[in-house]
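These notes concern the structure reproduced below.
Any read-out appearing in this document is the output of simple, stated calculations on the displayed coordinates, not a laboratory observation. These numbers were taken from a predicted model, which means no experiment stands behind them. In this analysis, Cβ positions are derived from the backbone assuming ideal geometry, glycine residues included, and neighbour counts consider all displayed protein chains.
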Amino acid sequence: MSALVRAGVVPHSYLLTTRGRRTGRKRANPVTVVEHAGRRWLVAPYGVVPWVLNARASGRIGLTRRFRTRHYTIREVSAREAGPVLQKYVAIASATRDYFQADKNASPEEFAAEADRHPVFELAPCGTSEG
């Protein structure tokens, strides 16, 4: 799956790279990026998993698609901000819908109530890339 995501074959998907908070080693995971309100967002559909902890610790991540990596700083957002992003995420990432209590037709407020179980990060470009 990671090779397909890295090559840009899977829609909305990227290969997320974080640096291990204890080991310092690079870690890679496929993720879905949401574009909403002119901004880019990263959602953790499975909750506070290791990549979330690594991202929180460093405040930076890398996203690779079509063999090009771009680096971002991250900002974890409030439940109110997360609601509409989670709603859009569920609409495009059908494989993870079972991890949400709100269904794809739920209101942003219903999704905001789930924000503590599904962290959401706003992405801001760092200006550096590799390719």
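Could you check the range 54-76 and list, in sequence order, the residues that are of a type in the set (S, T, Y), farther than 17 Å from R39 by Cβ and surrounded by 19 or more Cβ atoms within 10 Å (Cβ to Cβ)? Show your work before the answer.
Filtering the range 54-76 for residues of a type in the set (S, T, Y) gives 58, 64, 69, 72-73.
Those still in the list that are farther than 17 Å from R39 by Cβ too: 58, 64, 69.
Listed by number, the list holds a single entry, T64.
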In this structure, does Y72 turn out to be over 15 Å from H12 (Cβ atoms) and not hydrophobic (A, V, I, L, M, F, W, C)? yes
Item to complete: Looking only at the range 101-120, decide whether some residue is within 11 Å of A44 (Cα to Cα) and of a type in the set (F, W, Y).
Response: no
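Would you pick out the residues in the range 77-102 that are in contact with a helix residue (DSSP H, G or I) (Cβ under 7 Å, 6 or more places away or on another chain) and either surrounded by 14 or more Cβ atoms within 10 Å (Cβ to Cβ) or of a type in the set (D, E) (or both)? Quick ask: steps written out before the conclusion?
Residues of the range 77-102 that are in contact with a helix residue (DSSP H, G or I) (Cβ under 7 Å, 6 or more places away or on another chain), as a first pass: 79-80, 82-84, 86-87, 90, 97, 100, 102.
Correct list: A79, A82, G83, P84, L86, Q87, V90, R97, F100, A102.
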Restricting the range 40-52 to residues that are over 14 Å from H12 (Cα atoms) and not aliphatic (A, V, I, L, M), the one surrounded by the fewest Cβ atoms within 10 Å (Cβ to Cβ) turns out to be G47
Residues of the range 14-26 being surrounded by fewer than 15 Cβ atoms within 10 Å (Cβ to Cβ) and assigned to a strand (DSSP E or B), in sequence order, are K26
